[in-house]
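First comes the structure, then the notes that go with it.
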Amino acid sequence: MKYIAHYPPALQAQVRTLMAEQGLGPMLLKRYPAAHAVRTDRALYDYVTGLKAEFLRNADPLSKVMFDSKLHVIRHALGTHTTMSRVQGSKLKAKREIRVASLFKAVPLEWLRMIVVHELAHMKEREHDKAFYALCTHMDADYHQREFDLRLYLTHLDAGGTRLWSVEADDALSR
Ligand SMILES: [Zn+2]
C-alpha cells in the first residue's frame, strides 16, 4: 500500500480490512458519487486560472495548463509543476506550467481541486513544508482529507480495482 505508507499503521490496517471486504470502492463511490466536468485542457485552464485569481492574484501568470497522459506514475505529489526558464531577448523569463496527470480527468471535483491547489501553492512555496501546507489548506480547508481519499483510490487501483468513474468519450475529445 505504497500510496498510504506514511499514514499511521492503525489507519493502514483499517484500509486493508476494508479492501479485503471489497468495501473500499463502494465507500469512495458513496462519498463521491460523480466525476467532475472539467474535461478538456481549455476547461482545465479556466478552472485553474479561476482558482488562481481567487487566491494567488499576484503570482506570475500561467503560460500553460494541461492534462498530461505521460504523467503516469505519481511523481512528486501527484502532479508536476515546472518553471522553465527561457531566454527572451536579454532577459530570462520564467514560464509557468501546470500539468495534471490524465487520471484526474475522471475523478471527483474535490480531488481535482486538491491537486490544482497543490500545484498553485508551489507558485509561492517550493518545498513541502509548513508554509506550503498552510497555503494549501487556506485554498482548500479539506485539503488533507481529499488527499487521503485520493490516495485510497490509488491504493484501490493499485490492487487491481476497477476505475470508479469514467469519461471514455472525453479522452478522444481532448486529443
Ligand atoms: Zn508538490
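The values are calculated or read from the model by the stated rules, or taken from the named source; none is laboratory data. Model, not experiment: these values are computed from the prediction. All Cβ positions, even for glycine, are placed from backbone atoms using ideal geometry, and neighbour counts span all protein chains on display.
Observations on the model:
- Any hit, region 137-147, residues being within 14 Å of the ligand (Cβ to nearest atom) and under 11 Å from the mean Cα position of the chain (by Cα): yes
- Near pairs, Cβ below 7 angstrom, 6+ apart or cross-chain, from region 2-26 (among the small types (Gly, Ala, Ser)) to any residue that is outside any loop (DSSP other than H, G, I, E, B): GLY25/HIS156
- Number of the exception - ASP68 against (1) of a type in the set (D, E, K, R); (2) modelled with pLDDT under 95; (3) over 20 Å from LEU154 (Cβ atoms): (3)
- Meets criteria (over 30 Å from ILE4 (Cα atoms), at pLDDT 85 or above, outside any helix (DSSP H, G or I) and away from the ligand (no atom under 14 Å from the Cβ)) for ASP46: no
- With respect to the conditions (1) within 16 Å of the ligand (Cβ to nearest atom); (2) surrounded by 15 or more Cβ atoms within 10 Å (Cβ to Cβ); (3) at pLDDT 95 or above, LEU164 falls short on a single one, namely (1).
- Verdict on THR82 being at pLDDT below 95, of a type in the set (Ser, Thr, Tyr), within 13 Å of the ligand (Cβ to nearest atom) and over 19 Å from ALA5 (Cβ atoms): yes
- Leading residue by the ranking (surrounded by the fewest Cβ atoms within 10 Å (Cβ to Cβ)) among those in region 97-110 that are without any contact (Cβ under 8 Å) to a residue 40 or more places away in the chain and over 14 Å from ALA43 (Cα atoms): GLU97
- The set of residues from region 124-146 being crowded, with 19+ Cβ neighbours inside 10 Å and either assigned to a helix (DSSP H, G or I) or touching a Leu at 6+ places or on another chain (Cβ under 8 Å) (or both) comprises LEU135, CYS136, MET139, TYR143, ARG146.
- Some residue of region 23-34 being at pLDDT 95 or above, assigned to a loop (DSSP other than H, G, I, E, B), within 12 Å of HIS156 (Cα to Cα) and not aliphatic (A, V, I, L, M): yes
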